[in-house]
Amino acid sequence: MTTASLRGGDRVLHVAWPDGTSAEFPFIWLRDNCPSGFHPQTRERQFDLTSIPFDISLTEAALENGEIILTWNGGDHVSRYDPDWLFDHRPGIGLADPARVEPVLWRSDFEPDNLPRAAAADLMTSDDALRDFLVASKKTGLSIVDGMDNDKDAGMEIARRIGFLRETNFGTTFEVMSKPNPNNLAYTSHALPLHTDLANQELPPGFQFLHCLANEAEGGGSTFCDGFAIASDLRADDPHTFELLSKTPVPFRFHDTDYDIRRHHTVIDLDPFGHLQELHFNAHLAGIFDLPADKMEPYYRAYRKIMEMTRSEKYVMTTRLAGGEMVIFDNRRVLHGRAAFDPNTGFRHLRGCYVDRGEFDSRIRVLSRTPR
Ligand code: OGA
Ligand code: ZN
C-alpha cells in the first residue's frame, strides 16, 4: 500500500510507494498540479499560480481509499492525488517518454544491410509496425523503406502516416532531379558532399524522406554519416575543436529570386543539458563567415577538421538507393550526400519531403499508448 507522510518544516510532502521508491514533492508544486486545476476535457492547466501565496502550507495530509488528500491553508482548498500519477511525475525524474530513444552511434563499419528496414505496405497498415520502425529509425537516425509503389505520392503518404509535412521554400515535396535553371545544387547532376539540409532555416527540417523513383544513371550513389558519432568523437578527442564548433555561430544563407533566408547557427548544437541536439553542416549553404578577423583562423581550423571527418573512411557509409526504396533520416543528426551522376546515361529521380522531429516523436508516443 502507498504511504504518505508529511515531513515537517521543510515544505515538502514525503511519499513512499510499496516498491521502496520514495520522493519529495514541494508544496508549491503540489498545489500547482492539483488535478482540479486542469480542464477535464482539454487537460490544460487553468489554475492561476499567482492566486495562492508562494509559501502555501498544508493543514492536513491523509491517505484515504488509495488517494492522497491534502488540505491547504486552514481548509481553503482540498487536493486529491492518485499516488500512481505522483509516482509518474517524481521531481527530478519527470514523466517517462516513449519517444526518448537513445541514439545508437554508428561509423562506417555499420553495414547498410543492417539499417532498420520495413516494407511500405506494413507501415501503411500496421500501427505496431510503424511504431517499432519509428523507434528503430530514431536509434540509428537512418532507415530504409522498401516495396514502395512506383507512385510519386507514395513517400508522402508514408510521411503523412507519421505527421504533417514541413513545408519549405522548395515546396511541401521536392523533386530531386537534374533540372534546367536549378536553384539548388541538389537539382543538378553534381556530387553533393555530406550535408544537413536547409541549415539556413531558423529550424532546419527534422526527418527527411527521400523516395527513389528511379536511379538508372551512371553514378548517383548515396553517402551518409552519423553526425552525432563525429561530434561525440570530437568531444572526446579534441575538446578545443568541439568547443569552437559548439559555441561559435556562423551564418548560413539561401537566396534566389524569391527568397533570402538567413540564420546563424553553431555547427554542433547542444541542448540545455549539454547533450548533442543537432548539427548544422552544409558547405554550399554556409554564408560568408563574419567572425572577427582574429577569430577566423582558429575557427577555420576547427571547421576544416569536422569537414575532413565527414570525408573520412571512418565515418562514411556508402550505398545506392534502388527504385522502390525510400531513405528516412534525421536531417539534424545524419548527414547525407551523393556522388555525381551522368544524366545522359539514364534517369535519376528522388522525391523528398520532411516531417519535423516534434511530430515524429508525437506519433511514437500516441502509438505507444496502451490500450490503443
Ligand atoms: C537533397 C539531396 C541527395 C540525392 O536533395 O538535399 O541531398 O541523393 N539529395 O540526390
Ligand atoms: Zn540534401
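Every number here is computed from the coordinates shown, using simple stated rules; none is lab data. Keep in mind the model is a prediction, meaning the values are calculated, not measured. Note that each Cβ is placed from the backbone with ideal geometry, even for glycine, and that neighbours are counted across all protein chains shown.
Quick one: if you take sqrt(5λ) for each eigenvalue of the C-alpha gyration tensor of region 244-352, what semi-axes come out, biggest first, whole angstrom?
Calculated on Cα positions only, the semi-axes equal 29, 18, 15 Å.
Amide H of residue 38: which non-local residues (sequence gap of 5 or more, or other chain) have their own amide H closer than 5 Å, using H built in the peptide plane?
46
So for region 112-367: antiparallel DSSP bridges make up what percent, rounded to the nearest 5?
95
How would 15, 334, 104 line up from fewest to most surrounding beta-carbon atoms within 10 angstrom?
104, 15, 334
In nm, give the distance between the simple-model label positions of residue 100 and residue 300, each being 7 Å from the Cα along the Cα-to-Cβ direction.
So the two model labels end up 4.3 nm from each other.
Treating only the Cβ of Lys, Arg, Asp and Glu as charged (+1, +1, -1, -1), what charge dipole size does the chain show about its Cα centre? Round to the nearest 20 debye.
So the magnitude is around 480 debye.
Pulled fully out, how much extra length does the chain show between residue 10 and residue 188, if you take 0.36 nm times their separation in residues and subtract their Cα-Cα distance?
Length difference between fully extended and current span is 57.4 nm.
Would you mind checking region 90-121 for residues with the amide N under 16 Å from a putative spin-label position 7 Å along Cα→C-beta of residue 19?
So the set is 90-91, 93-98.
Can you compute the equivalent ellipsoid semi-axes for region 139-267, i.e. the square root of 5 times each eigenvalue of the Cα gyration tensor, sorted largest first and rounded to whole Å?
Equivalent-ellipsoid dimensions as semi-axes: 28, 20, 16 Å.
Taking a quarter of the surface of the Cα convex hull of region 292-372, what do you get in nm²?
10.3
If I stretch the segment between residue 313 and residue 260 completely, what's the gain in nm (0.36 nm per residue apart, minus their alpha carbon distance), one decimal?
Length difference between fully extended and current span is 15.5 nm.
Test of understanding: what is the full-extension gain from residue 50 to residue 253, defined as 0.36 nm times their sequence separation minus their Cα-Cα distance?
Gain on extension, residue 50 to residue 253, equals 68.7 nm.
By average Cβ neighbour count within 10 Å, what is the ranking of 38-51, 163-176 from highest down?
Numbers: 38-51: 9.5, 163-176: 16.7.
Going by the mean number of other Cβ atoms within 10 Å, highest first, we get 163-176, 38-51.
Can you tell me how region 3-88 classifies by the Cα gyration tensor, rounded, prolate or oblate, using a/c under 1.5 as the rounded cut?
The shape class here is oblate.
Using the Cα centre as the reference, give the magnitude of the dipole from point charges on the C-beta atoms of region 1-97 (Lys, Arg: +1; Asp, Glu: -1; all else neutral), rounded to the nearest 20 debye. Write out the running numbers ahead of the final one.
On the way: 7 positive and 15 negative charges, 24 e Å.
Result for region 1-97 is approximately 120 debye, rounded to the nearest 20.
Percent relative contact order of region 3-88, based on C-alpha pairs within less than 8 angstrom and at least six residues apart? Please list the in-between numbers first.
On the way: 120 pairs, mean separation 17.6, N = 86.
The normalised contact order for region 3-88 reaches 21 percent.
May I ask for the angle, rounded to the nearest 10°, between helix 227-237 and the longest principal axis of the chain, with both axes built from Cα atoms and the value confined to 0 to 90°?
For 227-237 against the chain, the angle is about 80 degrees.
What is the calculated FRET efficiency for residue 41 to residue 365, with r their C-beta to C-beta distance and R₀ = 22 Å, to the nearest 0.05?
After rounding, the FRET efficiency stands at 0.70.
Which one, 57, 40, 69, is farthest towards the positive end of the dipole of region 3-88 when Lys and Arg carry +1 and Asp and Glu -1 on their Cβ?
57
Nearest 500 deg cm²/dmol is fine: what mean residue ellipticity at 222 nm does the chain get from its DSSP H runs of n ≥ 4 alone, each adding -39,500 (n - 2.57), divided by its residue count?
The helix-only estimate for the chain comes to -7000 deg cm²/dmol at 222 nm.
Quick one: go through region 261-285 and flag any residue whose amide nitrogen is under 20 Å from the point 7 Å out along the Cα-to-Cβ line of residue 202.
261-267, 269-272, 278-281
Which one of 273, 358, 205 is farthest out on the positive end of the charge dipole of the chain, using unit charges on Cβ (Lys, Arg +1; Asp, Glu -1) and the Cα centre as origin?
Towards the positive end, the residue furthest out is 205.
Using only C-alpha atoms and all pairs of different ones, pull out the Kirkwood radius for region 112-367 in Å with one decimal.
Computed over Cα pairs of region 112-367, the Kirkwood hydrodynamic radius comes out at 18.8 Å.
Using 32 Å as the Cα-Cα cut-off, could you pick out the over-long pairs in 139/247; 138/247; 139/305; 152/305; 139/179?
152/305; 139/179
Please list 3J(HN,Hα) in residue order for region 94-110, calculated via the Karplus relation 6.51 cos²θ - 1.76 cosθ + 1.60 where θ = phi - 60°; whole Hz, with x for glycine and proline.
x, 5, 4, 10, x, 8, 7, 10, 5, x, 9, 6, 9, 10, 5, 6, 7
Per residue of region 122-130, what does 6.51 cos²θ - 1.76 cosθ + 1.60 with θ = phi - 60° give for ³J(HN,Hα)? Whole Hz please, x for Gly and Pro, Karplus curve as stated.
5, 5, 6, 10, 10, 5, 5, 4, 5
Tell me the angle of helix 293-309 to the major Cα principal axis of the chain, expressed in degrees between 0 and 90 and rounded to the nearest ten.
So the inclination is approximately 80 degrees.
Please compute the net charge surrounding residue 217, taking Lys and Arg as +1 and Asp and Glu as -1 over other residues with Cβ under 12 Å from its Cβ.
In short, 0.
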